[in-house]
Amino acid sequence: MSKDKKLLRSLRGEVQEVPPVWMMRQAGRYLPEYRATRAKAGDFLKLCYTPDLAAEVTLQPIRRYGFDAAILFADILLVPQALGAELWFAQGEGPRLSTIQAPEDLAALKPASAIHETLAPVYETLRILTRELPEETALIGFAGAPWTVATYMIAGRGTPAQEPAHALREGNPALFDALIARITEATIEYLSAQIEAGAEVIKLFDSWAGSLKGEAFDTYAVEPARVITQALKARHPGIPVIGFPRGAGEKYVGFARTTGVDCVALDQSVDADWAAAHVQIDGCVQGNLAPEHMVTGGQALVEETRRIARAFSKGPHIFNLGHGITPDADPENVQLMVDTLRQGARG
Ligand code: CP3
């Protein structure tokens, strides 16, 4: 049956009258039921590591909107934590981690093979979801791409232009490359275990790929995505992979060809007609409605939803936002987007 899931059909290259739809951060603070479950868990990391509750918040947006895909509830920063970095979420300030600045910091990390001890609850969440999801809903597993994960591990926090990571990349390339290699290896282990636990699609989030320019983009965004995709497909033949080199701009062109991903997720900065002509020619694309429309709603949301669906209507497409939905979004606007799309946005 799983062969007939709408999301998997687009990933195989099928052009559908109404595209499958889901949203990045679809389980999140804009939903009152998410806030209630998070309060019950106590804090965000507890929620990630409590399989029953993580499965519950994964299912909430599926119940509400009937999305074509559920994305595992977890976080890209669980991998650094499983490698031995300290991780905490400062209230209202985002993530904080112990930093990697010197060879001793890297030497103190655990080997990639040791991550499963910490990450076992995540695999349990996936096993619960394989039993509880509606049969038409595809289950997406994910990880951060090595560059994006490295930016947090080096700086110990989110940074506007990833300066500390660029400084290490230029100042100590041997250390930087060894860190990328460790994350790459851990990511392959982690995603492979997610697939074994029931993930049917893998998404690789390279949220900060846009700050890599020229050759650095090829070395640290394209190459790790290629290595991870090839390894996963060798171990799990046919597993579809979605790549998200956010902010790649013109570097979106050819990304699927050079990495082997089955689908490229587009942020909202690229024009849909341009992307249809230059990126979708290589296969499936995902995106790219600006998340702000989920806050503002109204006729502009309806028109943008239709325009994007129409622009991508000649090739395989997964409807999504260009980045995660924000906490100030109105759940009613999400319903309006889904209704607009399913009522024949292309008509
Ligand atoms: O999409 C989903 O619904 C699945 C779960 C998911 C989360 N984070 C839950 C989360 C996924 C796929 C992520 C990915 C993630 N995490 C990325 C890549 C995608 C992107 O947004 O660019 C990154 C960079 C992170 C790291 C991270 N996690 C940051 C910077 C923050 C703080 C910023 C924020 O939005 O609060 C988080 C926390 C986080 N991850 C929340 C959620 C629902 C909010 C935490 C809360 O409930 O308080």
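If the condition is being in a loop (DSSP other than H, G, I, E, B) and free of Cβ contacts under 8 Å to residues at least 60 places away in the same chain, then the range 17-65 contributes 27, 42, 43. Within the range 262-278, the set of residues being among the aliphatic types (A, V, I, L, M), open to solvent by 10 Å² or more (accessible area, probe 1.4 Å) and within 21 Å of residue 147 (Cβ to Cβ) comprises 270 only.
Each row is one residue, and each column tells you yes or no for (1) more than 18 Å from residue 210 (Cα to Cα); (2) open to solvent by 10 Å² or more (accessible area, probe 1.4 Å).
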position: 252; (1), (2): no, no
position: 299; (1), (2): yes, yes
position: 303; (1), (2): yes, yes
position: 312; (1), (2): yes, no
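Using the structure shown, decide if residue 37 is within 12 Å of the ligand (Cβ to nearest atom) and open to solvent by less than 60 Å² (accessible area, probe 1.4 Å). Answer is yes for this residue. No other residue among 296, 305 is hydroxyl-bearing (Ser, Thr, Tyr), at negative phi and either modelled with pLDDT under 95 or in contact with a helix residue (DSSP H, G or I) (Cβ under 6 Å, 6 or more places away or on another chain) (or both) apart from 305.
If you check 159, 151, which single one turns out to be open to solvent by 10 Å² or more (accessible area, probe 1.4 Å), modelled with pLDDT of 95 or more and over 30 Å from residue 63 (Cα atoms)? Among 159, 151, only 159 is open to solvent by 10 Å² or more (accessible area, probe 1.4 Å), modelled with pLDDT of 95 or more and over 30 Å from residue 63 (Cα atoms). For residue 21, state whether it is more than 11 Å from the ligand (Cβ to nearest atom), within 16 Å of residue 324 (Cβ to Cβ) and surrounded by 18 or more Cβ atoms within 10 Å (Cβ to Cβ). Yes; evaluated as a whole, the condition is true for this residue.
Residues of the range 187-220 being open to solvent by 10 Å² or more (accessible area, probe 1.4 Å) and in a helix (DSSP H, G or I), which ones? Passing the criteria: 188, 189, 193, 195, 196, 210, 211, 215, 216, 218, 219, 220. Listed conditions (1) within 19 Å of the chain's Cα centre (by Cα); (2) surrounded by fewer than 17 Cβ atoms within 10 Å (Cβ to Cβ); (3) free of Cβ contacts under 8 Å to residues at least 60 places away in the same chain are all met by residue 184, apart from (2).
Residues that are polar (S, T, N, Q) and assigned to a helix (DSSP H, G or I) within the range 134-178 comprise 148, 151, listed in sequence order. Applying the condition of being more than 10 Å from the ligand (Cβ to nearest atom) and of a type in the set (D, E, K, R) to the range 61-103 and asking which residue is farthest from residue 337 (Cα to Cα) yields 86.
Could you list all residues from the range 152-190 that are of a type in the set (S, T, N, Q), within 26 Å of residue 54 (Cα to Cα) and within 16 Å of the ligand (Cβ to nearest atom)? Correct list: 187 only.
The values are calculated or read from the model by the stated rules, or taken from the named source; none is laboratory data. Every value quoted in this text rests on a predicted model; they were computed, and no experiment measured them. Cβ atoms come from the backbone with ideal geometry, glycine included; neighbour counts cover every protein chain shown. Surface accessibility is based on the protein's heavy atoms, side chains included, excluding ligands, DNA and RNA. Shrake-Rupley method; radii C 1.70, N 1.55, O 1.52, S 1.80 Å.
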